[in-house]
Each structure stands twice: as structure tokens, then as C-alpha cells.
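The values are calculated or read from the model by the stated rules, or taken from the named source; none is laboratory data. Here the structure is a predicted model, which means the values were calculated and not measured. Positions of Cβ are generated from backbone atoms using ideal geometry, with glycine treated the same way; all protein chains shown enter the neighbour counts. For accessibility, only protein heavy atoms count, side chains too; no ligands or nucleic acids. Shrake-Rupley method; radii C 1.70, N 1.55, O 1.52, S 1.80 Å.
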Amino acid sequence: MFEIHCPYCNEKRPEIEFAYAGEAHYVRPTAKEQSEMSDEDWSRYMFIRDNKRGEHAERWWHNAGCNMFFNAIRNTVTDKFVMTYKMGLPPRTDKQIDAARRTDAKEKASS
Amino acid sequence: MSAFRKTGRGRVDASKVINFTFDGKSYQGVQGDTVASALLANGNHLMGRSFKYHRPRGVLGAGWEEPNALIAVDRGKGRVTPNVRATTQEIYEGLKAESQNRSPNLKFDMGAFNNAFSMFFPAGFYNKTFMWPKSFWDKVYEPFIRNMAGLGPAPDADDPDVYASVYGHCETLIIGAGPAGIAAALAAAKNGERIILVDENAQMGGSLLSTPSIEIDGKPAGKWLETSLKALAKAENVTLMTRTTATGYYHDNFVALAERITHHVPNAEIGKVREALHRIRAGKVILAQGGIERPLVFNGNDRPGVMLASAAQTYLGEYGVAVGNEVAVFTSHDSAYQAAFDVADANTRIAAIIDVRGTIRDDLIMGATERGIKVIKSAAITKTFGKLRVKACEVYEPESGNKTKLNCDAILMSGGWTPSLHLWSHSKGGIKWDADLAAYIPDAPNENAVCIGACNGDFGIAAALSAGHKAGGGRKTYKTNETDFGTGLVLSSLPSYLDSSKQKAFVDFQNDVTEKDIKLAVSEGFKSIEHVKRYTTNGMATDQGKTSNLNALEIASKAVGKPIEKVGLTTFRPPYTPTTFGTFTGYRDNELFDPTRKTPIDPWAEANGAAFEPVGHWRRAWYFPKEGEDMHAAVARECKATRDSLGIFDASTLGKIEVVGPDAAKFMNLMYTNPWSKLPVLGCRYGLMCREDGYIYDDGVVGRMAEDRFHVTTTTGGAPRVYRHMEDYLQTEFPELDVWLTSTTEQWAVIAINGPNARKLIEPFVEGIDLSADSFPHMTLREGKICGVPTRLFRVSFTGELGFEINVPAHYGRMVWETLFEEGQKYDICPYGTETMHVLRAEKGFIIVGQDTDGTVTAHDAGMSWAVSKKKRDFVGKRSLARPDLVAEGRKQLIGLLTEDSKEVLEEGAQIVEDPNQPIPMDMLGHVTSSYWSESLGRSIAMAVVRDGFNRMGETLNIPMPDKVIKAKVVKPVFYDPKGERLNVV
Amino acid sequence: MLFDQAIDIPECLNAEALTVSLMGEKARYSLRLKSADVSAIKKASGLKLPAKIMGASHGKDVTCAKLGPDEWIVIADPVQKPKLDKALAKVSKDFTCSVTDISHRNVGFGITGADAAKLINVGCPLDLSLEKFPVGKAVRTLFESASILLIRTDEQSFHMECWRSFGPYLRDFFARVVTTR
């Protein structure tokens, strides 16, 4: 069972308090965009996801805790969380992910 | 005192005699014995039969790695524990142990004919043999396999014992309390953080338990151990756990510890915890699991009496038991010499040390000479003799070709050592090949964890102690007087003159995999070690390959022709040792398995004889049978009573969500297909919810309490998912809206009153609300009081009758119900359950989401286009409803069905076809979703989803059943009071 | 009987090292507030709303805990209810926020004694050491299958709440632990 850092509680909490909520950064088109969208484009938004191997941006819900949805970068090969960040923030850059990975490694080494 | 018990040896208390039975025969052991050590003390080596060939087997080891000596411990009905290792089961007064996998008894086993025909049971035997004919599988093959390849007995009654499960936390978890683990704990204890030290055995000490005379820093090891454990026991920050196995190592240092609390206790009381699962989150994990000696793979290496050299050392050092009178030692590693010397020093004759190697360390040769032990270099054992116990072996010297028969009643073997990487492997720690050890050792960690001592490839007591102290944050270097642990030679194939096809050289003792099987697998094309493992089943038994993995790897790599480090190690998986289901379950059995949610009115229903049904986590009153009534009769009566006069129904389980904020209506517009802006305050509306895919997700009545406050109801089962759905959209797609959601499902008890007398019933109890039809019309709500407590009173109807849903704060629910029920006697009030509710709503054609819809039904398909706003610019699901598939003609649509024979009640789920005489598979048009006997109509009614259903009104369709075909007419799905006049009772 | 929580606490849960009691009637509110308004609302309502998430103010009659970034729960003695109803109605009117009465949604347990944390750790995965879970900390978390609210009120005492229909499950769990140890 993982410990997941909730960016709202700002502490690590056991995985069973959380629920996975799909891939992150798929923004729902506005009403106007929807009305102008082709069926193909709408299907793509609805049904097609990257499902990336490696560092994957995904949504989690701290449902049995503070009740907040947030985003996470998690490695789908090792299963490990690299970082979590608040909902509404832009997708993390490679640089930010790298930095988070290094901080995590440093914390491990010092503990 | 038995012949094999050595006075003055071991840590057992020889003055305390303990009686137990094995296969019905009485034995005596002493306090501190395991079943294995006690049987060996009685000269009994035969303890089991092998899995496939039913070969007689004795102990191979002395601990948790034991593959052979599996027993069932019988504590009475429902309390038989199978597959217990005799080497780890402590004896207690009255213990009843049984051998396994034999019939009729251990000495004469019918199944042993498998052994005689073993040429027919090679690797992949099951895959090759039980292929065809297919029809043989159920009747011949499976019963055969189940009968022959059994381990212990399956339980035949409920387990009456109690199990526990708890969470725990510590900064440092140390697994294994041998010298390394204890030294780590001693060092770590000093910083005051929480430390847990666990060991699977009854006593802490590991290898120190069987080598008490070795000196650590000038003190006897036994004394050092005693002092150290006392110091740890005194430290408040240290928790010591014995008889506790770390069975699994999961993400982020989450480790499962299985504690056996009463396995060693005679007459353990039923009702007290027997085993406990500790779910530990540790800051740091120190693995000090030790190493396991490797068997040598030679012809006849499984005969009872052949065992690991270290096992004999343990039996002597820890239990004071000699494993024989005349012992041969067969080795390729230095460490076996010390074992031989220990055994010799306890006055057991050593027949010879047979060493595969040509060059042997001088001090070892000297030690042997001093004790008068003959060492045969560059030699191997090629045969063993004896039926149920070894009585001799054949020693072969390849250089001279000499073959000598050597009498012995036990053979100690050592093929080197394997660091125990099991938990490290669970944690996904890296491994690397160590050529000197001829074994894998830990490489980079994946968690905050470290391996120390033998499991890190650092053998010897001094090395373990120093590594332990360092891992615990200390700097002490320990000194001992032990002999150098030494090195060994690993050989995939021992010298032999016999053709390999004639040999039975076992690699995996528990799954009966021989050297030959592994070579065969490779020659048949299985080159990956993972495939070899699965094809031969090597390492897949309950011992998880503890003694066999490295030997199998060595053999496979030679056969494949690749260096061993390129072949790779198979993955170890939890649990480390077999763990009972009880331990995994913990407290969570019976009523604690899952919560049963009950409404505030549930106790009344129970007292009044309700039959219940589960709906999600809830249990709901299903119907209220009177004496002699079955469900059908009860439901018919309840329906009639409600339509004729008055019914009372507990609707408390309905999900409720309070939607509050200035943007509440805006949010409702987005979440539901219906329009909400113009719903007046104190108005109600039926709401239909879609997911973004356009299909019906949930429904329920929504009341507007204020401009900025909605009282939303959901289906009983849908409450959690609707709440999640709303929170998700609110937080992630519409965060700019000023609106908040609060689940209020349990704040309100809901009592539904239906029937022509509904208003008359509640009138005397209501304060502050004008109930008259004019001022309180259908689909509105009022706030006031009922029976003296606050209420949100909805005038709604899920039955078609005049109806009220009375919401009161939950803990007043029962009082209000009982008050109304008493008053209702005037009107022959009838309590009804979910079944009657379903019938009454079906008569009106109201859908149940999840019954009449299945996640592929749109509002239009359900005949509810009226609930979808045409004007709203946006709502969740709107764009999908325009997808070509969803607007296509001929989709499955919800219609009513009336059977030709009005007494015939269709089966829900029954398939519907046009032509019942068409060939199978038939073209299915759809299926029946709801079907009931309608007492009010005196006939059956049904709802169904049928392809192009709306255009089939009046058609007759067919429902083929196993014994007949039922004909039914397609109608509109409103069967009762289609104009809705019954709502208008004045 | 007017007010009925339908939970009885068995005798076994009344021991020296461990006492579990069922709390009586309470007034409870869920508040959802904008952070900019919190100090004004504190002043207006007189409620000691903690500023930090997972913080709690534990008074004689009123306990306030912050469970989410914009979510507070207020648990009060029922005699306070008329006063609180009035104050919170005014807050509701004056500020953009959500106030919802959830008095009967929950039931509360008082868990006290040297073994209190041990009992809670049977089903709650959090580290309840004083260092990690000090007095005054409040969280929403899990006890096995039940969502709970947990507030540490002193070193050996906890206030635990759950939705009312999960109350008997927790009670049965506690009783099993105590009677089988």
C-alpha cells in the first residue's frame, strides 16, 4: 500500500484513502467548442487516452480524506509516485518532474 | 531419554516431557522441541510423502525452508491446519499431527506407484497428457490429479478460531533476529526511535541458538544473546516479536507480519485471537533474513536421512538431537566441515566426509584428522540405499573409477549457501550475481531498505554482527573465535558414472522436480527461466523454491549454454511462507466482513417480521409477510392495501445531497439533463443525470429549498457515485462556480406515505403547513413540523397514488414512523417493502436506473425525451447525445409487454425474439427488464428494452423459454391510471 | 422514545484501560467557506474555526475542525443549537458560503484510555503516535470500511464520528477486539 502525498493536506496518507480518477489534463471543451466539434474529435476527447508507459500524469481523489481531487505524476512501470500537485495547475514540465525525482531521492537518502 | 537425545546439548528443557501423537502413534518430546526434532529424537526420519511420486521423505532442513516434512495439525472439527512444516511446529501436550499425501499410511502408500512409473511423469506431464479427449477432463483427469497431487486436507467445517489484524508504525523494522538483526537493534535502540524486531521462530538468536559455545568479544554466544535480548526487552522504544513471519513486503515500506499467538499452546481457547496480521509502515527496513543452505543434486538425494548439513547442526545445537548413529557428509563447501565436527564432538560417528573438491583448506583437514574423520577428496555420492531410511551410500571417485559402498544412517549435504532474497525481491530491490558465492546478492534498493548479514552475502557471525551494528547506525566491530566460514564450489552436475536418465536427483523436493526434468524442459525449447519454472513447476510449491531456485538456475543455465547471470532469477512473491486465510481476513469475517447499513426504522421492521434484501451496503425491508404468506401473497396484499387506502414505506436509504451556493442552479443545469433555473423555490422536479457519454446514470426527485439551495435525491445504490461525479465536475471542470456539495443521506429519515388516505393520516401531526391540495400541489415541498420535529415534506409519488415523503432528522425517524403507524390503524395502514414499491412503480411505468437501464440506455431510449432540455447550451452528456450512434433509428427502446396469457409472469432478463422458430443462435431483439404480477390489474405486466420498440406498438413478440414460448404484446409502459388522476385526491 | 441513535454500547467496552462511550445528541454543521471570509465569519459567529487543515479547536460545548481546504465541521452541545442556528443563518445570508445542518447524519464515540490509540489502529492506518497525531489534530480517514472523523482530544482520548448507519459496525468491531484479545 502506497503512501500518497496529498497536496491539500500536505502530508503523506495511506493509499486506501484515495481513489484513482483517470488520466489528467483532459480539459472538457466549452459548450461552444462542443457545438463546433466533429464527432471524431468528440470521440477522441471522450474515449482515447495516452496510457503512457513511464511517467504518467493522472488524477487522484482524496475521497476518504480532505475530499479534494488533485494531479499526480506516477511511473506506470515502477508504480511509484514522483510528485503530486493541486488541481488547476498546468501540466508538469520534464524539468519539474526531474527536480521532484531528485528531491525524493535526497529525502530517502537522508532518512 | 531417547537414544538420539544428547544430554547437555541444545536449549531444550529435557526435564519437561511432552506427549504428542504422529499418525496416531504416541511420542514423547521435551519442552522446546519441534515435531521434527522430537520425531528425530525418537529415531523417526520418515515424515512425509512427496507431491508427485509419493516418495518417502524425511526432513531436509530444520526451519522454514523445509520442503518435505509437511504435516496437518488436528485440533478438532474445522481446526485442522494442513501443510504445516514439522520443523517449525512446536510441540505441546496433546498435539495431534498427521502426515499428508499418503494412503492408507505413511509407510505403505498406494500412490507410490507413481514412483514406479515415473518415466511417464516427466516435466510438463500435465500439459502433455491431460490434453485430450476433452470430455475426460471433468470425469477422469481432474479427479485423478486432485486425488494424487494433494497436499494437506481441505477444511470440512467453519473455522471457529478468531483472527486479528492491526496497523502499526515504526521508524525501523528489523526482520530476522539472528546476530545481524540483534546487533542492528542494539545500535538503533540508542536513538530512541520506534524499533520493531521480528523473528519467525519461538526464540530469537538465529544461528547463535545452535552455536552457543562460540565466543563473541570473549563472551560465550549464549551469554551474549541473553544479555542483548534483555537489554532490548528493557528498552521502551523496542518491540520484540517472536513467532512472527514477515510474509510480504509492499510499496513504501509496508510490511505484513503474521504473528502466531497460540500455535504452541495446548488447548488454546476458542474465542481468543489465534493469529494476528500486523500491517506495519516502517521508515526504514533492515532485512536480516540469513541464508539457506543449498542441497547437492545427486541420485537418491531425497531418501529419508539425507539432509542439509546445517540442519543437523541445528538439531544438535538447538534441540540436542543427533540425526543418526553413523553419518556421512557430502559437500562442496567448507561450512559442512564445522557441521561434521559439531556432530562428531557429540559422539556421533562420521562415516566419511566426501568432498567434490580436490583441494581443501589445511585447517579443515587438520580438524578432521584430529577427530579421526576420513576425508575422501574429488569424490561424489552416486547412489543411496534403503527404503524408508537411508542405510548406505555409494561413493564414486572419478579419477580412479573406484566405487565404495559406505554404511550410514544419515547423509549431511552442503552445496553452498543462498542468501535469502525473498523480501528484498518483494520490495523490487535490485540483485546482482556474485561469482564467489555463486549466488545472487542484493544490489540497489528500491525502498528505504538494507540487507545485512548472510542475506547480503556476508556469511559468518562476526561479519553479521558488525554489519548489523552499522545498519543500526553504530560503528562497533565484533570479534569471534569461529572458524572461517569459507568458500565452496558450485557444480551443476556432480560426477557420476550413471546415465543421467537413470538418476533421480531432486532439485525441488516439494514439487518433485529432478535435474532431468529441467534439462528436458530446456531441450524442449523452454529457454527463459520463467518458462522453465512454469513448465517444470520448480520453485512453485509452498516453499517458493527456498532450497531449489539456485540449483535449478545453475542446471538450466548450463543446459541453455548461457552464463547464469544472463539467465536471471525468477521472481519471489508474497507470502514468504504459507499464511492462513484467517490471518489475511483478520477480524473481518461474518458481521465485520462489510458494514450492513440499517435505517433508523430498521429495528421496527425487524420487530414486525420484515423479510430483508441487501441493496448496496444497505439492508432494506423487502416485504412484510403475515402468517402463512409467501412473498407473492404478501406483495399482492401490500399493493392492494396501498392503492385502496394507505401504505407506509421506509425510503431513508435514498441518497441525498445538499447543493448550496449562489451558483447552485447553474451547477444543477450542468449536472442534470433537465432545466432548473425556473424551478420555483419549494418546487420539486424529477431529475435525470447522464454521464458525459450520454447514457442515463442516475435519477431522483430534487426539491428547491431556496434560490441557492437544492435538496437532491439519488437512487439508493447510486448515492456514492453521484456524489463523486458531482464533486469531480465541480472541482475540476467548473471550479469557478460558487456552489458546495454536502452528503446528507444519513441526516434524514424518509417515510413515504402513499394512498388515498395519505393526507388524512398526516394532517393531525403537521404544524405550519397547509396540506390542502390547492396550496400544496403535487411536486412541491414545504418546511414545517411533524410530530413536533422539523420536517422537509415533499408531495411526490412513486406509486401513482396521493403521496408524501416525510423527511425528518434521522434520529427522530423511528418515533415519527411509529406515531404515524399507530394513527394509521384507522385507515388499515399497511407497511410495505421494496418489492411492493417496485410493483407499484412498474404499474406506472417509472424506471429503476440499473434495472430498466444498463448504462447503454439514453433518455430517449427510455421514452423520457421530455426530461432533456432542448434549450440549455450545455449539460454533461449533451454533446454525446448528438453522436450518430445515439440518434440512430432502431435503437433498443423501453416498452411495455403484456403476455397473451395474463397469468403468465415473464422472467426478468428473458430474451425477446421475433420468430421463435428461427435457428439457434436466434436474433435477439432485447430483453425483459422488469416483470411483476399486478394485483391491481389482475394480470402480469412487464417492461423490456426492444430494438426499435417505439415502432412496434401492438406487435406480438416471442419470449422463448426452456419449456415453451411465451407470446406478449408490445404496449406503452404505463399500465395503471395512465392519466394520473389518482394523484388528485382532495 | 423521541431521540434514538439505535446503538447500545456493550459492557466489555467499559474497562479501565479502554472505555468506548456513545455520545448523546449533538448539533452538527458542515461549513464550506471562502478563505478570504474566514476571519470575518469567525468574528460574526463566535466560532473558533481553526485556520490550518486538520486542525481542531476543542471547547467545552463546541468543537470545530477543519477537514478540507474550505471545509469545517462544527459539533456542539444541543443546548447551543438555537444560538448556532441563528448565528449561522446570518453567516449564510451575509457571505457566499454553504451551511448545512448535519446534526443527525453522524454518531460520535468517545474512546479513552491507555489502549485507545491501539484500538483505533486496529482499523485505522494512520500513525497515532503523539508526535504524528498530536492533541488537537482532526482528520477524516478510514476505520476499515467506514469513513470516520477522528479528533485527538487529549493524549489518551479520541472523539470519533461516522455516519449513523456505520455506528453499529464500529461498535461491533470494537467489541470483537476487546472480547477476543
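Per-structure values
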| item | result |
| --- | --- |
| Matching option when the condition is open to solvent by 40 Å² or more (accessible area, probe 1.4 Å) and either in contact with an Asp or Glu (Cβ under 6 Å, 6 or more places away or on another chain) or away from chain C (no Cβ under 14 Å) (or both), among B:Gly717, B:Gly694 | B:Gly717 |
| Count of region B:646-668 residues which are more than 10 Å from every other protein chain (Cβ to nearest Cβ), more than 28 Å from B:Glu801 (Cβ to Cβ) and in contact with a Ser or Thr (Cβ under 6 Å, 6 or more places away or on another chain) | 1 |
| Those residues of region C:131-147 which are within 18 Å of C:Ala65 (Cα to Cα) and open to solvent by 10 Å² or more (accessible area, probe 1.4 Å), in sequence order | C:Lys132, C:Pro134, C:Val135, C:Gly136, C:Lys137, C:Arg140, C:Leu142, C:Ser147 |
| Residues (open to solvent by 40 Å² or more (accessible area, probe 1.4 Å) and touching a residue at least 40 places away in the same chain (Cβ under 8 Å)) located in region B:401-416 | B:Lys403, B:Asn407 |
| Qualifying positions in region C:14-29 - assigned to a strand (DSSP E or B), buried (at least 16 other Cβ atoms within 10 Å of the Cβ) and under 13 Å from the mean Cα position of the chain (by Cα) | C:Ala27, C:Arg28, C:Tyr29 |
| Within region A:13-29, considering residues that are under 30 Å from B:Ala282 (Cβ atoms) and touching a Phe, Trp or Tyr at 6+ places or on another chain (Cβ under 9 Å), the one most open to solvent (accessible area, probe 1.4 Å) | A:Tyr20 |
| Residues (in a strand (DSSP E or B), open to solvent by 10 Å² or more (accessible area, probe 1.4 Å) and within 13 Å of B:Phe667 (Cβ to Cβ)) located in region B:720-752 | B:Trp740 |
| Selected residue (criterion: farthest from B:Pro831 (Cα to Cα)) from residues of region B:595-616 that are open to solvent by 50 Å² or more (accessible area, probe 1.4 Å) and at pLDDT 95 or above | B:Thr596 |
| Wholly enclosed strands (runs of 3 or more DSSP E) of region B:857-965 bearing at least 3 residues touching a His at 6+ places or on another chain (Cβ under 8 Å) | B:924-934 |
| Those residues of region B:599-617 which are closer than 21 Å to B:Lys656 by Cα, within 12 Å of chain C (Cβ to nearest Cβ) and not β-branched (Val, Ile, Thr), in sequence order | B:Pro600, B:Asp602, B:Gly616, B:His617 |
| Residue selected from region B:163-185 under the condition surrounded by fewer than 24 Cβ atoms within 10 Å (Cβ to Cβ) and aliphatic (A, V, I, L, M), by the criterion farthest from the other protein chains (Cβ to nearest Cβ) | B:Ala164 |
| Residue list for region C:75-93, filter: more than 13 Å from chain B (Cβ to nearest Cβ) and either touching a residue at least 12 places away in the same chain (Cβ under 8 Å) or under 25 Å from C:Ser165 (Cα atoms) (or both) | C:Ile75, C:Ala76, C:Asp77, C:Val79, C:Gln80, C:Leu84, C:Ala87, C:Lys90 |
| Qualifying position, being closer than 30 Å to B:Tyr396 by Cβ and either charged (D, E, K, R) or open to solvent by 40 Å² or more (accessible area, probe 1.4 Å) (or both), among B:Ser528, B:Ser548, B:Ser500 | B:Ser500 |
| In region A:64-111, the residues that are at positive phi and either at pLDDT 95 or above or in a strand (DSSP E or B) (or both) | A:Asn67 |
| Residue within region A:64-74 that is away from chain C (no Cβ under 14 Å), surrounded by fewer than 18 Cβ atoms within 10 Å (Cβ to Cβ) and either touching a Ser or Thr at 6+ places or on another chain (Cβ under 7 Å) or not acidic (Asp, Glu) (or both) present | no |
| Every pair of residues 6+ apart whose Cβ atoms lie under 6 Å, when the first sits in region B:876-888 and is facing another protein chain (nearest Cβ under 8 Å) while the second is among the aromatic types (Phe, Trp, Tyr) and surrounded by 14 or more Cβ atoms within 10 Å (Cβ to Cβ) | B:Arg879/A:Trp42 |
| In region B:417-465, the residues that are open to solvent by less than 20 Å² (accessible area, probe 1.4 Å) and of a type in the set (Phe, Trp, Tyr) | B:Trp424, B:Tyr440 |
| All positions within region B:509-525 that are open to solvent by less than 50 Å² (accessible area, probe 1.4 Å) and over 14 Å from B:Phe51 (Cβ atoms) | B:Glu515, B:Ile518, B:Ala521, B:Val522, B:Gly525 |
| Qualifying residue in region C:111-119 (condition: in contact with a helix residue (DSSP H, G or I) (Cβ under 9 Å, 6 or more places away or on another chain), open to solvent by less than 10 Å² (accessible area, probe 1.4 Å) and within 11 Å of chain B (Cβ to nearest Cβ)) | yes |
| Residue list for region A:5-29, restricted to those being under 19 Å from B:Phe254 (Cβ atoms), assigned to a strand (DSSP E or B) and facing another protein chain (nearest Cβ under 9 Å) | A:Glu11, A:Lys12, A:Arg13, A:Pro14, A:Ala19 |
| Residue check for B:Thr579: open to solvent by 10 Å² or more (accessible area, probe 1.4 Å), in contact with an Asp or Glu (Cβ under 8 Å, 6 or more places away or on another chain) and not in a helix (DSSP H, G or I) | no |
| Answer residue from region B:5-22, given it is at pLDDT below 95 and not basic (Lys, Arg) and is nearest to B:Thr211 (Cα to Cα) among those | B:Gly10 |
| Residue in region B:933-943 that is more than 27 Å from B:Val635 (Cα to Cα) and either touching a residue at least 40 places away in the same chain (Cβ under 8 Å) or out of contact with any Cys (no Cβ under 9 Å at 6 or more places or on another chain) (or both) present | no |
| Complete set of residues in region A:30-63 that are in a strand (DSSP E or B), open to solvent by less than 40 Å² (accessible area, probe 1.4 Å) and more than 10 Å from chain B (Cβ to nearest Cβ) | A:His56, A:Ala57, A:Glu58, A:Trp60 |
| Region B:298-357 - residue that is assigned to a helix (DSSP H, G or I), farther than 24 Å from B:Gln89 by Cβ and of a type in the set (S, T, N, Q) and, of those, most open to solvent (accessible area, probe 1.4 Å) | B:Gln338 |
| Residue list for region C:65-79, restricted to those being assigned to a helix (DSSP H, G or I) and under 16 Å from the mean Cα position of the chain (by Cα) | C:Pro78 |
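Let's see how each residue does on (1) among the hydrophobic types (A, V, I, L, M, F, W, C); (2) free of Cβ contacts under 8 Å to residues at least 40 places away in the same chain; (3) over 27 Å from B:Asp885 (Cβ atoms):
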residue	(1), (2), (3)
A:Arg49	no, yes, no
A:Trp61	yes, no, yes
A:Cys66	yes, no, yes
A:Ala99	yes, yes, yes
